[in-house]
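Report on the following structure.
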Amino acid sequence: MSTGYVYHEMFAWHDTGTSAGLFRSDPRAGVQPLIHFENSETKRRIHELIVVSGLIDHLTRIAPRPATEDEILRVHDRAHLERIKAESERPGGGDAGDGLSPFGQGAYDIAALAAGGAIEAVDAVLAGRVDNAYALVRPPGHHAEPATGMGFCLFGNLAIAAHHAMHVYGLERIAVVDWDVHHGNGTQKAFYDDPRVLTISLHQDELFPPRSGYRSERGEGAGRGYALNVPLPPGTGDGGYLYAMDRAVVPALTRFRPELILVASGFDAAAMDPLGRQLLTSEGYRALTGRLLDVAAQSCGGRLAMSHEGGYNPAHVPFCGLAVIGALARVPTIEDPFQAVVGAQGGHDLAPHQREVIDLAAVAASDGARSER
Ligand code: 9RB
Ligand code: ZN
């Protein structure tokens, strides 16, 4: 059993600047400079906990390399690539596309390294060098659409890696499970009419992007039925997430029989996240990982690769990351001190209003029929 692990110090050098969380500092508007929500801290602290706890000794380090232009262009149009590249040349940097996703000079190179990190993780799994892998990359990718970046994402790291799997290894069925608290709109859009990639997003209903991730979004054309959305009410905890996994996600995966399972792994569905309103604990994340390992073992020889997305509580997130990567490697990890707090806070039992909407998503998935929004 071996688990690949991608990290590079350069990922922490991606500079999102002094926004006050989401908003550019603007003294005249009363916005004092602070630090952008998508800063390096949570990711660097996951890595440092992996090292300091000793988990690193059980992982196979995989070096990232920059994705090539051709690889990026399998998902994005040239105008988007060239614009990111050009703004990345400017001393003041630029923005991924929505005015909420600032980046510093040189960001193109780091974003290409992030996409290439996801590629290398997938490659190591498909070449059999490791059983599964986690790419702790930054900037994130799941919101980036073919023609634009958004939501702190420049390029669709995992979508680019999925194309690599199809292009180089000839895979015909890939599943992407996105457990970031936000809708995985970019990955969904990249494969909306493509039956080779089943995209499944579990996310907080009506969070981000606006008006995105409804149950009624099921794919189009040849891809109809190959997008699945499971919007969850705010306040969903471990029990709700596991029910969604068991009732909607696992059955959809089992029916699809993927040759590879990819995960857009965001830790912003965790209980102490400043942007999400969900209640997952590190044990919840560990259990979700276990479910996917089981499906992967049954459907594709255990081939599973994860790429990092959001997650913004720098104290709690490292323990969630440790739980997931420890589960992948089947190695016990040091105790999460937050578990005693967030695990005891209530909200972890499946609630009736959660069951109701999860059942609707599961039914929509199983009969392929239109479901109401
Ligand atoms: C603002 C809007 C957001 C809020 C949250 C994210 C999180 C992304 C992530 C991104 C952008 C809108 C400030 C809409 O973690 N993904 O995984 N911005 N939201 N309009 N305005 C003015
Ligand atoms: Zn997110």
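Quick note: the coordinates plus some simple rules give every number you see, no bench work behind them. Since we're looking at a predicted model, the values are computed, not measured. Note that each Cβ is placed from the backbone with ideal geometry, even for glycine, and that neighbours are counted across all protein chains shown.
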Checking Ala159, Ala96, Ala63 against a Gaussian network model of the chain (alpha-carbon springs below 10 Å), the top fluctuating residue turns out to be Ala63
Peptide ranges 144-154, 248-258 listed from the most packed, as the mean C-beta count within 10 angstrom indicates
144-154, 248-258
Karplus-derived HN-Hα couplings along the range 177-183 (A = 6.51, B = -1.76, C = 1.60, θ = phi - 60°), whole Hz, x at Gly and Pro:
10, 10, 9, 4, 5, 9, 5
Could you check what % of the DSSP bridge pairs in the chain are antiparallel, to the nearest 5?
15
Report the residue, chosen from Gln204, Gln278, Gln345, that carries the largest GNM mean-square fluctuation when the chain is represented by alpha-carbon nodes joined by springs under 10 Å.
Gln345
Does the chain come out rounded, prolate or oblate, given a ≥ b ≥ c as the square roots of the eigenvalues of its C-alpha gyration tensor, rounded meaning a/c under 1.5 and, failing that, prolate meaning a/b above b/c?
rounded
Per-residue ellipticity at 222 nm attributable to helices in the chain (runs of n ≥ 4 DSSP H, -39500 (n - 2.57) apiece, nearest 500 deg cm²/dmol) works out to -11000 deg cm²/dmol
Go ahead and set up a Gaussian network model of the chain, Cα springs under 10 Å, then flag whichever of Thr16, Thr68, Thr333 fluctuates most.
Thr68
Residue-wise HN-Hα coupling along the range 232-247, computed from phi with Karplus coefficients 6.51, -1.76, 1.60 (Hz; x: Gly, Pro)
10, x, x, x, 7, x, 4, x, x, 5, 5, 5, 4, 4, 6, 8
For Ser366 and Phe23, FRET efficiency with R0 = 30 Å and r from the beta-carbon atoms, rounded to 0.05?
0.10
Taking the Cα centre of the chain as the origin and placing charges on Cβ (Lys, Arg +1; Asp, Glu -1), which of Ser366, Ala12, Met150 is farthest toward the positive end of the dipole?
Ser366
Cut-off 12 Å between beta-carbons: net charge of the residues surrounding Gln278, Lys and Arg +1, Asp and Glu -1
-4
Alpha carbon centroid spacing (whole Å) that separates the range 81-152 from the range 23-57:
17
Under 1.5 on a/c is rounded, so check that first for the range 234-373, then, if it is not, pick prolate when a/b is larger than b/c and oblate when it is not; a ≥ b ≥ c are the square roots of the alpha carbon gyration tensor eigenvalues.
oblate
Which of Ser265, Ser25, Ser53 has the fewest Cβ neighbours within 10 Å, and the rest in rising order
Ser25, Ser53, Ser265
How much net charge surrounds Val295 when only the other residues with a Cβ under 12 Å from the Cβ of Val295 are counted, with Lys and Arg +1 and Asp and Glu -1?
+2
